[in-house]
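Read through the structure below, which is laid out as structure tokens, and then see the notes.
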Amino acid sequence: MPELVILGSANAIPDAQHENSHLFISTGERNVLIDAPGNPIVRLEQAKVKPLELTDLILTHFHPDHVSGVPSLLMVSWLMGRKSPLHIYGLEHTLARVERLLADYDWHLWPGM
């Protein structure tokens with residue numbers, strides 16, 4: 001049975017109890033994170049979701065409260081030993097900007113990334 005977990009419900013201004021809006025959906029075959037603010041690994045683990053089991057990331061648009069956690073998500077997944085691909089979807093201009101953001105971290109130099 002599909003499952004929806006609200007990981008954050010705050011608007012652009014989070015607080016101690018509410019992270020910026022992002023969701024997790026599990027269909028049984030796919031495990032999808034929608035948006036990645038802050039440190040999504042922590043929110044996933046708090047929701048008892050195994051970060052390495054994510055199959056897809058959907059980025060709705062390029063605002064910091066929706067994409068700022070992408071570098072952290074990818075780095076921590078890499079450090080945790082992720083071997084399977086994470087499929088990332090979004091509008092072309094959103095994906096191009098995320099790629100430029102990741103370039104600042106030299107992600108292409110990470111072995112196995």
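The values are calculated or read from the model by the stated rules, or taken from the named source; none is laboratory data. If you're wondering where the values come from, they're calculated on a predicted model, not measured in any experiment. Here the Cβ is made from the backbone with ideal geometry for all residues, glycine too, and neighbour counts use every protein chain on show. What goes into the accessible areas is simple: the full protein's heavy atoms, side chains included, and nothing from ligands, DNA or RNA. Shrake-Rupley method; radii C 1.70, N 1.55, O 1.52, S 1.80 Å.
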In whole Å, what is the distance between the alpha-carbon centres of the range 31-52 and the range 90-113? 19
Hey, can you find the accessible area per residue of the chain for me, probe 1.4 Å, expressed in square angstrom? 61
Would you calculate a helix-derived [θ] at 222 nm for the chain, using -39,500 (n - 2.57) for each DSSP H run of n ≥ 4 and dividing by the full residue count, to the nearest 500? -8000 deg cm²/dmol
First compute the accessible area of the range 38-81 with a 1.4 Å probe, then give the percent of it belonging to carbon and sulfur atoms. 64
Phi angles of the range 99-110, converted by Karplus (6.51 cos²θ - 1.76 cosθ + 1.60, θ = phi - 60°) into ³J(HN,Hα) in whole Hz with x for Gly and Pro, give 4, 5, 4, 5, 4, 5, 9, 6, 4, 5, 8, 6
Relative to 2.2 N^0.38 Å, what does the C-alpha radius of gyration of the range 25-90 come to as a ratio? Two decimals please. 1.01
The answer for Leu7, listing residues at least 5 apart or on another chain whose modeled amide H is closer than 5 Å to its amide H, is His22, Leu23, Phe24
Compute the distance in nm between two label points, each set 7 Å from the Cα along the Cα-to-Cβ direction, one at His63 and one at Met75. 2.5
Would you compute, for the Cα atoms of the chain, the largest minus smallest coordinate along each principal axis and list the three values in descending order, in whole Å? 35, 30, 26
Can you classify the range 1-49 as rounded, prolate or oblate using the Cα gyration tensor, where a ≥ b ≥ c are the square roots of its eigenvalues, rounded means a/c under 1.5, and otherwise it's prolate if a/b beats b/c and oblate if not? prolate
